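Undergrad: Submitted below is the structure of interest, expressed as structure tokens.
The values are calculated or read from the model by the stated rules, or taken from the named source; none is laboratory data. Please read all numbers here as calculations on a predicted model, not as lab measurements. We place every Cβ from the backbone using ideal geometry, glycine too, and count neighbours over all the protein chains shown.
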Amino acid sequence: MMACGATLQLLAGCQGQLSTLHPAGPAAATIAEIWWIMLAGSVAILALVMGLLTAALLRRPDSPGEPERAGLWLWTLGLAFPLIVLAALTVYGLKIGERLLPREGPDVVTVTAEARQWAWSFGYADAPDLATEDILHIPAGRPVDVRITSLDVVHSFWVPRLAGKLDALPGHVNILRIEAPVPGTYAGQSAEFSGPGYLGHVFTVQAHDPAAWDQFLAEGAP
Amino acid sequence: MTTRPRGTALRLHRELKRIWSPDPRFRGWLTTNNNNDVGRLFLAVATLFFLIGGVLAMLIRAQLATPGSAFMGPEAYNQVFTMHGTVMMFLFAIPFFEALAVLLLPGMLGTRDLAFPRLGAFGLWVYIFGGSAVIVAMLMGLSPDGGWFMYPPLSSAAFSPGIGADVWLLGITSIEVSAIATAVEIVVTVLRYRAAGMSLSRMPIFAWYILVVAVMILTAFPPMILGSLLLETERAFGLPFFQVENGGDPLLWQHLFWLFGHPEVYIIFLPAAGMIATILPVMARTTLLGYGWVVASAVSLGVLSFGLWVHHMFTTGIPHLGLAFFSAASTLVAVPTSVMIFSWIGTLWKGRVRMELPMLWLLGFFATFVIGGLTGVMIAVVPFNWQVHDTHFVVAHLHYVLIGGYVFPMIAAIYYFQPLITGRFRFFRLGGIAFWLVVPAFHVTFLAVHLAGLLGQRRRIWTYDEGQGWELLNFIASVASFVMAIGFALVVLDIAINTLAGLRGRRNPWQATTLEWAAPIPSPTYGFASIPIIGSRYPLRDDPKLDLRIARGEGYLADTSRDRRETLIVSTAKGEPLQVAVLPMNSPLPILLALCTSASFLAPLIKAYWLSVVALIGVVILALIWAWTTAPRRTEGLVDAGHGRHLPVAAEGADPPGWWGSLFLLVADGVHFGALLFGYAFLWTVAPNWPPPAYLRPDLLPVALALAGAAALAAGPRLAAWREGHGPLLLSLLGCLALAAAAASIPLARPTPTAHAYDATLWLLAGHVGLHVTLSLIMLTYLGLRRLAGHPLRLGEARTFGLWADYTAGTGLVALAAAWLPGAFA
């Protein structure tokens, strides 16, 4: 499966800064893993169904009085098979979803993200006077809760290599947990259509090592 | 059946043809209400919209073929993708299957026409007028540009000035009205208008599917209509339903939209599935495996589809427990689908398949739809959804489901039914080439689009930069999509050529076993020379000569001496002959009523509210003329239906067709009212400080007034059932007036609906009561005038009015209680 991933990355060109298949943070990595598992399972199911279909097409039953095998087709394949597969998948998906939720912790950092047409303003709980535009600064290696809201229309906060997306809704605050294990920059984009400037509604996440993070909190962006 | 002398068939054909034929020349197209004509027009117009939507799709793929394309700017692109989605969903997909249902359903059920032919014609014309208005606006550059799901506040007046969003809201709502009209017609037809002996378990499988779909339209479209009403009143008059600062909430729209939008997907898929279940067994020279299972799956799919709208909202910050419920429901919906798929493969297994063109397209369906179903299950997994939501992955998924699950089976259906609809058989063989262009090119296009989504390409961006690995994928998708478009064009061309110049042939070319193939080819306007009598699910298999016996008049209602359009009404469960329905003759009323209805919807676009009011008055007058002229002039008692049976005329029964139609229309109305109460409760619980405590006042007088009014209104029609005279009608009139006075308490107590979403919601509750009181008053006026003209009130009329009166009384009481009781407890 990893080989598949490598091929896709090759196809994706140099770096794929927005690729969900090139995860950097734990949440994105978990979801990429779900994808590869579901892809493998889907290919297997597709092969099974297409195989049965081909067999059914090629078959030439001799006598009209043959049994219909309704039990096999309807009870086993039609009902039991999807119920078992789907129950397993749903439980698996929910357990992982539970793991990705923002939870209390000693080293959780809280930041705010406020969207508008077509810019992002970020604020920092540890430095209330600090505000940045279109660049979100976070400490590397620590879980970060982003409190997301909007001033005008619906937007969505999405850094594909770190985590899934969460909507920015006027009048609501949604909390997304992200984490960048290593310092660096990660591309982010709004992912809810917001009018003519939607294409350019992007931002960057800058992850700092502990020293640089302390310096940022004390002095603001360099 | 009794035998009659030869020559009867020809005589019967001539007489029925005279009675059922449309007006001569062009006028015939405007005044016809025959299902054959209405269906063909419907089909042609829907195909035209498919071509328009296809051209829009090509514009999108041309724009995205290369990075940094200068072909379109964002303003044009936003209109193009919004219109592509809107045209394909509302102007093509739904009308196209309605067209096929209108055309084919009477034949399948063994009846001569649908239950309400004029309503069908009305639905057709509203669709044509509304759809044309949307297209004309597009050509003028005034299209909506906020995406086909129109999320506020982006679609609110502040962020979308101009009339684009209004075109969408008003145009699409008028088309939904048309869909509801057709749905009422379909439900009543399936339940009541069938061949003698066709019990529910003997119905052709497509009738089951389309029955489920029609009920779903009645229950899924009203929330959307309510949403459009809220958004349009916000845009036009400033009622702040979605404005946070005035107590509204933008999420309310998303709930209402997806309460419609998700069932909509199954509303589109199920008719196609019905076609598959009809065609596939014939192609395999056998019968459907597990008829009961398939019926149960269709019903459960219909029910489940209402429980998973939130899976379009997994990224809106809904608590994880809520997501868990909807995630489970979303995956569960794959189970009935799986039952259907395996029933069909099992059918092929037990039969001997012939590889005709319809079968080829059905194989295209399997290869595509199964993949779409699998990616659908992936998207139902919440964490994965967080990544791919609003990316091209979702775009690819929905095209797999809609093209694979709808367009391919519908093409199969067109090829399969072409002999019946046009009387022609395939002679030119473009169809095979077209298939091998469309299906492979489809997979190349949308597999590439899936991958682009995984690599982070958002949907609805008008262009993109190099360097994300998207260039090659988009280029491949665009090239393949053009190949696919050429293939679709060839399909349309192939069908058009064969319709004009194909071969003539004999009836039932596929050796099918269902009744529609017992009619001559092409199917005549009257459908069946006599109403068939059947004894199993496969009447043509039991009796290969059934077609001749029907033509010779050996079924019911072969007597043309009454010189009018008649068909049989049967009991819902058993299919026992019950009544004789008299169907209306050709008339310009449907197109005139549609003209007025459309004008009342579209006039607000140019702020001509006066025109809207004038058109509404026109609607009322035309509706009164419609009802008056279709009401029977005299009482007939029992009439001879053939086979020694004497049956009452439907209009003289206790449950005339109008009663059944009203019943299902009120189901839709009730869902609409329920959605309004849902919106009220939603804002109450979700919006902060709602309503502001100072707003809450105990006011029990309106509730008491409503209680008295509701009692009087509901008592009137009941009294009329056993008491002559003006008294009962006057009692209902008094009830109406009391309810109206109770409703007036809302605008009196809260005079500015624009101040707060609470005020706006109360005004809509009052509006609901006001509208239904007005409808009741119009009906009372009609019944009063009938009395004055010397027609005694019929039991059926009283009971039909009784339904409306009960509904008005019941919802009026609930509405006023919802408005004023919370204050009493505060």
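Undergrad: With the condition kept exactly as written, say whether any residue in segment A:93-109 is among the β-branched types (Val, Ile, Thr), in contact with a Ser or Thr (Cβ under 6 Å, 6 or more places away or on another chain), farther than 30 Å from residue B:295 by Cβ and away from chain B (no Cβ under 13 Å).
TA: Within segment A:93-109, none of the residues are among the β-branched types (Val, Ile, Thr), in contact with a Ser or Thr (Cβ under 6 Å, 6 or more places away or on another chain), farther than 30 Å from residue B:295 by Cβ and away from chain B (no Cβ under 13 Å).
Undergrad: Quick one: is residue B:184 in a helix (DSSP H, G or I) and either surrounded by 24 or more Cβ atoms within 10 Å (Cβ to Cβ) or modelled with pLDDT under 95 (or both)?
TA: Against the criterion (in a helix (DSSP H, G or I) and either surrounded by 24 or more Cβ atoms within 10 Å (Cβ to Cβ) or modelled with pLDDT under 95 (or both)), residue B:184 qualifies.
Undergrad: Counting just the residues of segment B:296-319 that are free of Cβ contacts under 8 Å to residues at least 60 places away in the same chain and not aliphatic (A, V, I, L, M), which one comes out surrounded by the fewest Cβ atoms within 10 Å (Cβ to Cβ)?
TA: Applying the filter and picking the extreme gives B:319.
Undergrad: Restricting the first residue to segment B:248-265 and requiring it to be more than 14 Å from every other protein chain (Cβ to nearest Cβ), which pairs with a second residue that is assigned to a loop (DSSP other than H, G, I, E, B) meet a Cβ separation below 9 Å and a spacing of at least six or different chains?
TA: Within 9 Å, the pairs are B:261/B:149; B:262/B:308.
Undergrad: Touching a residue at least 40 places away in the same chain (Cβ under 8 Å), out of contact with any Gly (no Cβ under 8 Å at 6 or more places or on another chain) and among the hydrophobic types (A, V, I, L, M, F, W, C): which single residue out of B:226, B:211, B:231 fits that description? Break it down into steps so the answer makes sense when it comes.
TA: Working: B:226 fails: out of contact with any Gly (no Cβ under 8 Å at 6 or more places or on another chain); B:211 fails: touching a residue at least 40 places away in the same chain (Cβ under 8 Å).
Step by step, each of B:226, B:211, B:231 is checked, and only B:231 is touching a residue at least 40 places away in the same chain (Cβ under 8 Å), out of contact with any Gly (no Cβ under 8 Å at 6 or more places or on another chain) and among the hydrophobic types (A, V, I, L, M, F, W, C).
Undergrad: Against the definition (over 14 Å from residue B:248 (Cβ atoms), in a helix (DSSP H, G or I) and touching a His at 6+ places or on another chain (Cβ under 9 Å)), how does residue B:738 come out, yes or no?
TA: Details: over 14 Å from residue B:248 (Cβ atoms): yes; in a helix (DSSP H, G or I): yes; touching a His at 6+ places or on another chain (Cβ under 9 Å): no.
Answer is no for this residue.
Undergrad: Consider residue A:215 carefully, then state whether it is buried (at least 16 other Cβ atoms within 10 Å of the Cβ) and outside any loop (DSSP other than H, G, I, E, B).
TA: no
Undergrad: Another question, if that's okay. Within segment B:680-734, track down each residue that is in a helix (DSSP H, G or I) and within 14 Å of another protein chain (Cβ to nearest Cβ).
TA: Listed by number, the residues that qualify are B:682, B:683, B:685, B:686.
Undergrad: Tell me whether segment B:465-476 contains one or more residues that are within 29 Å of the chain's Cα centre (by Cα), more than 10 Å from every other protein chain (Cβ to nearest Cβ) and assigned to a helix (DSSP H, G or I).
TA: no
Undergrad: Which of (1) of a type outside the set (Gly, Ala, Ser); (2) within 9 Å of chain A (Cβ to nearest Cβ); (3) over 30 Å from residue A:166 (Cβ atoms); (4) surrounded by fewer than 22 Cβ atoms within 10 Å (Cβ to Cβ) does residue B:341 not meet, given it meets every other one?
TA: (4) is the only condition that residue B:341 fails.
Undergrad: Which ones in segment B:127-180 are more than 10 Å from chain A (Cβ to nearest Cβ), assigned to a loop (DSSP other than H, G, I, E, B) and within 19 Å of residue A:194 (Cα to Cα)?
TA: Passing the criteria: B:142, B:143, B:144, B:148, B:150, B:157, B:161, B:162, B:163.
Undergrad: More than 14 Å from every other protein chain (Cβ to nearest Cβ), farther than 30 Å from residue B:244 by Cβ, under 13 Å from the mean Cα position of the chain (by Cα) and not aliphatic (A, V, I, L, M): does that describe residue B:117?
TA: Against the criterion (more than 14 Å from every other protein chain (Cβ to nearest Cβ), farther than 30 Å from residue B:244 by Cβ, under 13 Å from the mean Cα position of the chain (by Cα) and not aliphatic (A, V, I, L, M)), residue B:117 does not qualify.
Undergrad: When you scan segment B:568-593, how many residues do you find that are more than 30 Å from residue B:130 (Cβ to Cβ) and not in a loop (DSSP other than H, G, I, E, B)? Give the derivation first.
TA: As a first pass, look at segment B:568-593 and keep what is more than 30 Å from residue B:130 (Cβ to Cβ): B:568-580, B:582.
Restricting the remaining residues to those that are not in a loop (DSSP other than H, G, I, E, B) gives B:568-570, B:577-580, B:582.
The qualifying residues number 8.
Undergrad: Would you pick out the residues in segment B:23-53 that are in a helix (DSSP H, G or I), among the basic types (Lys, Arg) and more than 20 Å from residue B:406 (Cα to Cα)?
TA: Passing the criteria: only B:27.
Undergrad: Same structure, new question: Give the residue, chosen from B:821, B:777, that is in a helix (DSSP H, G or I), surrounded by fewer than 21 Cβ atoms within 10 Å (Cβ to Cβ), touching a residue at least 40 places away in the same chain (Cβ under 8 Å) and in contact with a Cys (Cβ under 8 Å, 6 or more places away or on another chain).
TA: Answer to the check: B:777.
Undergrad: Something else now. Any residue at all in segment B:218-230 that is at pLDDT 95 or above and either outside any helix (DSSP H, G or I) or assigned by TED's automatic domain parsing to the domain that holds residue B:667 (or both)?
TA: No; the residues of segment B:218-230 include none that is at pLDDT 95 or above and either outside any helix (DSSP H, G or I) or assigned by TED's automatic domain parsing to the domain that holds residue B:667 (or both).
Undergrad: Of all residues in segment B:593-630, count the ones that are of a type in the set (S, T, N, Q), within 23 Å of residue B:236 (Cα to Cα) and touching a residue at least 60 places away in the same chain (Cβ under 8 Å).
TA: 2
Undergrad: Please pick out the residue among B:619, B:580, B:613, B:639 that is β-branched (Val, Ile, Thr) and surrounded by 21 or more Cβ atoms within 10 Å (Cβ to Cβ).
TA: Answer to the selection: B:580.
Undergrad: Looking at (1) buried (at least 21 other Cβ atoms within 10 Å of the Cβ); (2) of a type outside the set (Val, Ile, Thr); (3) modelled with pLDDT of 95 or more; (4) over 24 Å from residue B:37 (Cβ atoms), which is the only condition residue B:538 fails?
TA: (1)
Undergrad: Hey, another quick one. Just one of B:289, B:280 is outside any helix (DSSP H, G or I) and surrounded by 24 or more Cβ atoms within 10 Å (Cβ to Cβ); which is it?
TA: Sole residue among the options that is outside any helix (DSSP H, G or I) and surrounded by 24 or more Cβ atoms within 10 Å (Cβ to Cβ): B:289.
Undergrad: Scan segment A:151-166 for residues that are facing another protein chain (nearest Cβ under 9 Å) and either assigned to a strand (DSSP E or B) or among the hydroxyl-bearing types (Ser, Thr, Tyr) (or both) and jot them down.
TA: A:156, A:158, A:166
Undergrad: Could I ask something else about it? Give A:140, A:163 a once-over and let me know the one that is in contact with a strand residue (DSSP E or B) (Cβ under 7 Å, 6 or more places away or on another chain) and within 23 Å of residue B:312 (Cα to Cα).
TA: After ruling out the rest, the residue left standing is A:163.
Undergrad: Then there's this: Starting from segment B:469-491, keep only residues that are closer than 16 Å to residue B:58 by Cβ, then list their pairs with residues that are of a type in the set (D, E, K, R) whose Cβ atoms are within a distance under 8 Å, requiring at least 6 positions of separation or different chains.
TA: B:477/B:61; B:478/B:61; B:481/B:61; B:482/B:61
Undergrad: Of all residues in segment B:785-794, count the ones that are closer than 16 Å to residue B:727 by Cα and surrounded by fewer than 16 Cβ atoms within 10 Å (Cβ to Cβ).
TA: Residues in segment B:785-794 being closer than 16 Å to residue B:727 by Cα and surrounded by fewer than 16 Cβ atoms within 10 Å (Cβ to Cβ): 4 in total.
Undergrad: Still on this structure, please answer the following. Residue by residue through segment A:194-212, note down the ones that are touching a residue at least 24 places away in the same chain (Cβ under 8 Å), assigned to a helix (DSSP H, G or I) and over 30 Å from residue B:160 (Cα atoms). It would help to see each step written out before you state the result.
TA: Step one: of segment A:194-212, the residues touching a residue at least 24 places away in the same chain (Cβ under 8 Å) are A:194-195, A:197-198, A:200-210, A:212.
Filter once more, keeping what is assigned to a helix (DSSP H, G or I): A:198, A:200, A:210, A:212.
Residues satisfying the conditions are A:210, A:212.
Undergrad: Have a look at B:515, B:473, B:500, B:490 and point out the one that is surrounded by fewer than 21 Cβ atoms within 10 Å (Cβ to Cβ) and modelled with pLDDT of 95 or more. Write out each step before concluding.
TA: Values: B:515 fails: surrounded by fewer than 21 Cβ atoms within 10 Å (Cβ to Cβ); B:473 fails: surrounded by fewer than 21 Cβ atoms within 10 Å (Cβ to Cβ); B:500 fails: modelled with pLDDT of 95 or more.
Answer to the check: B:490.
Undergrad: For segment B:401-419, does any single residue satisfy the condition of being facing chain A (nearest Cβ under 8 Å), of a type in the set (Val, Ile, Thr), farther than 16 Å from residue A:35 by Cα and surrounded by fewer than 22 Cβ atoms within 10 Å (Cβ to Cβ)? Lay out the reasoning, then the answer.
TA: Looking only at segment B:401-419, we keep the residues that are facing chain A (nearest Cβ under 8 Å), and these are none.
No, because not a single residue in segment B:401-419 is facing chain A (nearest Cβ under 8 Å), of a type in the set (Val, Ile, Thr), farther than 16 Å from residue A:35 by Cα and surrounded by fewer than 22 Cβ atoms within 10 Å (Cβ to Cβ).
Yes/no per residue for (1) within 14 Å of chain A (Cβ to nearest Cβ); (2) among the hydrophobic types (A, V, I, L, M, F, W, C):
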| site | (1), (2) |
| --- | --- |
| B:438 | no, yes |
| B:443 | yes, no |
| B:446 | no, yes |
| B:454 | yes, yes |
| B:532 | no, no |
| B:543 | no, no |
| B:546 | no, yes |
